[in-house]
Each structure stands twice: as structure tokens, then as C-alpha cells.
1. Filter the stretch 64-90 down to the residues that are open to solvent by 30 Å² or more (accessible area, probe 1.4 Å) and modelled with pLDDT of 90 or more and list them by number.
2. For residue 202, work out the one condition from (1) without any contact (Cβ under 8 Å) to a residue 24 or more places away in the chain; (2) open to solvent by less than 30 Å² (accessible area, probe 1.4 Å) it doesn't fulfil.
3. Kindly list the number of the only condition in (1) assigned to a helix (DSSP H, G or I); (2) open to solvent by 10 Å² or more (accessible area, probe 1.4 Å); (3) over 30 Å from residue 335 (Cβ atoms); (4) touching a strand residue (DSSP E or B) at 6+ places or on another chain (Cβ under 9 Å) that fails for residue 56.
4. Somewhere in the stretch 30-52, is a residue over 22 Å from the mean Cα position of the chain (by Cα), on the phi > 0 side of the Ramachandran plot, of a type outside the set (Ser, Thr, Tyr) and open to solvent by 10 Å² or more (accessible area, probe 1.4 Å)?
5. Filter the stretch 266-296 down to the residues that are more than 25 Å from residue 232 (Cβ to Cβ) and among the aromatic types (Phe, Trp, Tyr) and list them by number.
6. Given (1) touching a helix residue (DSSP H, G or I) at 6+ places or on another chain (Cβ under 6 Å); (2) modelled with pLDDT of 95 or more; (3) part of a helix (DSSP H, G or I), identify the lone condition not met by residue 234.
7. So, in the stretch 139-157, of the ones that are surrounded by fewer than 21 Cβ atoms within 10 Å (Cβ to Cβ), touching a strand residue (DSSP E or B) at 6+ places or on another chain (Cβ under 8 Å) and of a type outside the set (A, V, I, L, M), which residue ends up nearest to residue 95 (Cα to Cα)?
Amino acid sequence: MLVLALLSVLIWLGLLFFRGGFWCADQRLGQAGTLADWPGVIAIIPARDEAETIGAVLEAHQRSAYPGDFSIILVDDGSTDGTGAIARRIQGLRQVSVIDAPELEPGWTGKLWALQTGETAARDAAPGARYVLLTDADILHAPGTLTALVAKAEAERLGLVSLMAELDSRGIWGRLLIPAFVFFFQKLYPFALVNAPESKVAGAAGGCMLLRREALEAIGGIQSIRGALIDDCTLGAKIKAAGHPVWLGLSAGEVRSMRDNRALGSIWTMVARTAFTQLGYSPWLLVGSTLGMALVYLAGPVGLVQGLVQGDAALVSTGAAAWALMAFAYAPTVRLYGLMPVAALFLPVAAVFYMAMTLDSARRHWRGQGGAWKGRVYPTG
């Protein structure tokens, strides 16, 4: 056990010093600059059974303080809960258009098919718009968000500017699992490396993505990622590979998700949908990642407890060091979500749940239920 705890210490030292400072949680959009001429923007919002949130979301877009031309296309993707009717009652205010997505074609995921429908309509509705804003039907935008996104894109000639929305972290499960989700995402796609043009690391957060139109056209539009389940990061990788810089940051009040994460099932479904996809549907990577997470997140706490029971001072100190380094790395994300510092010590508990979600994701895939979302199951692997 001492060897495993020592390995965990070395891994955490490596992550702290050689993983792009992912743990700092310091990539922020900042204040909007000023432009002499604000370019046109058209937003595309795919919506499937979002009656609980769509009214508030569209009203938030209505309050946008963006000084340039801004219009919205909402694509109703076969909703059965009245989403389209609610949106149409708002239609006409600040150029909100509501259209229906055609029947889903083979090879597409529902969200991307809706976005493709919106992208086609946007060419006619706003042919002169320089930017396309892709955002979700449960994401609230602050009045100044679009202005700050466009100012950032124009100042740095970015092909993609993306913000990871503030997620709902209410309740026991939200407090335990949501900050950990954000931490793991940052570790997988270190934001500073995503934002460095010389780095090959790329990513994006699908809830809020501002795309330069020429960058989107350069990769062949939404069609180029039509079957992707992890569509945001796939899009970010394509944009960056095409030579257009990208930027990814954490929301500091600019965008907030209305998705309720108080129930364990809500978070579990969100993660299990694509966790095995992230591993390329490989059983070997599944085994490797499970063992790796156990080493990284559990060897320290287990070693500490075992050392205390056995009276092994070396194991106690090594296990405590691994756990302390882990908590130190997690602390900035814990602060981001307004939790007490002691919450950083519970990352190993959250890691156990995410290991279980990943294993369940593989189980769903092998049972032909992989990628299931809102009544649809997509072919995977």
C-alpha cells in the first residue's frame, strides 16, 4: 500500500506542475472591451422538451445589452411538452424565430440535427452576421454576456469563444458531484492549454459557444460533426485544427445552467450518457481508467486509514500527503462553487461515484442503450 500511496503523491505532483495549471480554475472572460463597429450575431437554440426553462431563457436573451444586430432562431426538436408553443408566444420580440426540426436523419444526433436546421435557416435570416452563438435551451445569459464574448473574439481574432456555464450545485448530490464534474473536465481539457494556440489540446463547453462564421464554414459546418455525442469538444478540436484559435473559460456570472442537479439520477444520466464515449468504447481503457482513478483518488485516503490502523507512520504520512495534494488542487474549484474549504477533502468520495457512472456508461453501451438522451438512443461505437 505504501508504494501505491507514494505513486499517488508523485501523480498529484505531476498534475499540479505539468498539466497546464488546470486546477487553478482561473480562465475568465473578463470585462468587455469597446469596438467601433459591433458585428452581427445570430443565436441558434436547439430545444427538445424544455418547457420548464425556455420562457426564462428567451426572456434573458431579450434583455441582452448587445449593441449590434442580434437575432435568435429557436429550433423545436419534436417537443411534446409545449416548448414550441411557449417559444412562439415570445416570437417576434427582438427577432426571435421559432422553427421545427425535420424528422431526424440517420447518422445525426438530435441536438446536432436541430443545430444544422438552425444553421441552414440562419444563412437566410442573417447572411451578414459574423458570428453564430450556439447555446442551450436551459442556459441563462446575463445582459452583458454576448457583448463580452464578441469583444473577446474580435480582440483576439478567435474562431471560437466558449464558456462553461455555472452548474446547479444545490442539495447534497449537487454539492458533492457538480464541483467534481467541473474539476474533472478541467483536468481532461486544461483550459490554459486549450487557449494556447501552440498547444494541440482543444475543447469547448456546449452550453455557450460563440463561433466566427468563417471558422464554422472552414470545417464544413455542423455537418462535419453530425454523429458526435461529445459534440462541443469535437467542434472545438476541429475549429482549432483548422487554424482558428479557440478560447474556453469558466463563467463568472455570465451564463448559468437551469438544469436541476439536486437528484443523483440527473447527474448520473448526464455523465453515463457519454463517459464510455470519452474512452473510445474500449474495454481496456475502461479497465485502465478505473484502476487509474482508484490509484489517483483513493490510494491516499485508503493508505492513511490503513496506516493509522496498523500504526505505520510512513504509510500515514504518505497517504496524508497524497490526500492533501488532492485537496489543494481541488480547492479553487470548491471556492468557485461557494463551498466550505473542508469540501475539498470529499473529492475521493465523488470520484467513487464517477467511477461507477463510467462503468454504468459501458454497461449501457453493451446493452444497446449508449448515448440515450430524451427518448432517443443513438448508435455508438
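The values are calculated or read from the model by the stated rules, or taken from the named source; none is laboratory data. Just so you know, these numbers come straight off a predicted model, no measurement behind them. FYI the Cβ positions are ideal-geometry reconstructions off the backbone, even for glycines, and counts take in every protein chain you see. The accessibility values were calculated without ligands, DNA or RNA, using every heavy atom of the protein model including side chains. Shrake-Rupley method; radii C 1.70, N 1.55, O 1.52, S 1.80 Å.
1. 65, 67, 69
2. Here residue 202 clears every test but (1).
3. (3)
4. no
5. 284
6. (2)
7. Per the criteria, the residue is 152.
Listed here are the residues, each with its yes/no results for (1) at pLDDT below 95; (2) of a type in the set (S, T, N, Q); (3) farther than 24 Å from residue 67 by Cα.
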residue	(1), (2), (3)
128	yes, no, no
133	no, no, no
142	no, no, no
159	no, no, no
163	no, no, no
173	no, no, yes
186	no, yes, yes
